[in-house]
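Novice: Here it is: the structure, laid out below.
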Amino acid sequence: MLDPRAADELPGDVDPALRSEVAHTTANAIVHQGRAAEDPEVVERLVRLVEAEGLDTVASMWADSPPTTLPGALWRLYVLREWVRRDPRTIAERYRMGVSVAQVHDVVAGVASPPGPSDVSRVVDAVLSGVFAGDLAVTLERGAAFCRVLATGAAHDADFVEGTDTDLAHRMTRGASGLVRTAEELEVAAGLWRAGRLD
């Protein structure tokens, strides 16, 4: 049997309290320094953080953070941008499908009509830029609205697919449900930011 001191020295996962501290420290540093810089080049570099550092690196910092925290909200916005960056055609198509039903959310999201792949990419870049150069609460609400329109489009797409591929339709429906949950989380984060309680 190991004595407690020797057990503490065994390599293992990072202490959850330390992981949380790192997440909050890095998120606050990035947001506050990005906002203080007032430099478009700095904002552009921060928007492209995942491309520069890799999704795994950013995930290791923020992915486990609750959605009601600054690192949790940032993680959701960066994942959304990365998803759009990797598959802009599918995102644009689903967005077009969702616009007819979710018109109010489309107005808040601010996507060109009808959106193409470059349009949805520009919007998520603009949304993420707002973290560093705009009203963060509005930025989070725009991200939420974008997710809601996509969720609606994905649900409609699942209805079309269901007759030919039930498994794919179920996966698409679960994806739509996940987008709605992300939208709700971003909306809560926006309210917390306005109340000065998103840290």
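Novice: Suppose R0 equals 25 Å; then what is the FRET efficiency for ASP135 and ARG48 from their Cβ-Cβ distance, rounded to the nearest 0.05?
Specialist: Taking R0 as 25 Å, the efficiency between ASP135 and ARG48 is 0.70.
Novice: How much length would be gained if the chain were fully extended between SER100 and ALA17, taking 0.36 nm per residue of separation minus their Cα-Cα distance, in nm to one decimal?
Specialist: 25.4 nm
Novice: Calculated FRET efficiency, GLU184 and GLU38, Cβ-Cβ r, R0 30 Å, to nearest 0.05?
Specialist: Calculated transfer efficiency: 0.40.
Novice: Could you calculate the contour length gain from THR57 to ASP199, that is, 0.36 nm times the residue separation minus the distance between their Cα atoms, to one decimal place in nm?
Specialist: 49.1 nm
Novice: I've got another one for you. What net charge is computed for the residues neighbouring VAL42, neighbours being all others with C-beta under 12 Å from the C-beta of VAL42, Lys and Arg scored +1, Asp and Glu -1?
Specialist: With Lys, Arg at +1 and Asp, Glu at -1, the net is -1.
Novice: Let me ask something additional. Scan the chain and note any complete DSSP helix (H) whose C-alpha atoms cover at least 30 Å along its axis and whose Kyte-Doolittle average is 0.0 or more.
Specialist: Answer set is 136-161.
Novice: With the contact rule set at Cα under 8 Å and sequence spacing of 6 or more, what percent relative contact order holds for region 124-189?
Specialist: 38
Novice: Taking the alpha carbon gyration tensor of region 110-156, what are the square roots of 5 times its eigenvalues, largest first, to the nearest whole Å?
Specialist: Result for region 110-156: semi-axes of 20, 13, 7 Å.
Novice: How many percent of all Cα-Cα pairs in the chain sit more than 32 Å apart?
Specialist: The proportion of pairs with Cα distances above 32 Å equals 22 percent.
Novice: Just add up the charged neighbours of SER118: K/R +1, D/E -1, any other residue whose Cβ is under 15 Å from the Cβ of SER118.
Specialist: Once positives and negatives cancel, what remains is +2.
Novice: Same structure again: Relative contact order of the chain, please, whole-number percent, based on alpha carbon pairs below 8 angstrom and at least 6 residues apart.
Specialist: 23
Novice: Over region 76-123, what relative contact order in percent results from Cα pairs under 8 Å that are six or more residues apart?
Specialist: About 48 percent, as a whole number.
Novice: Further question: Could you tell me how far the Cα centroid of region 180-199 sits from the Cα centroid of region 63-136, in Å?
Specialist: 15
Just so you know, all these numbers are worked out from the coordinates, no wet-lab data involved. Keep in mind it's a predicted model, so treat the numbers as computed, not measured. FYI the Cβ positions are ideal-geometry reconstructions off the backbone, even for glycines, and counts take in every protein chain you see.
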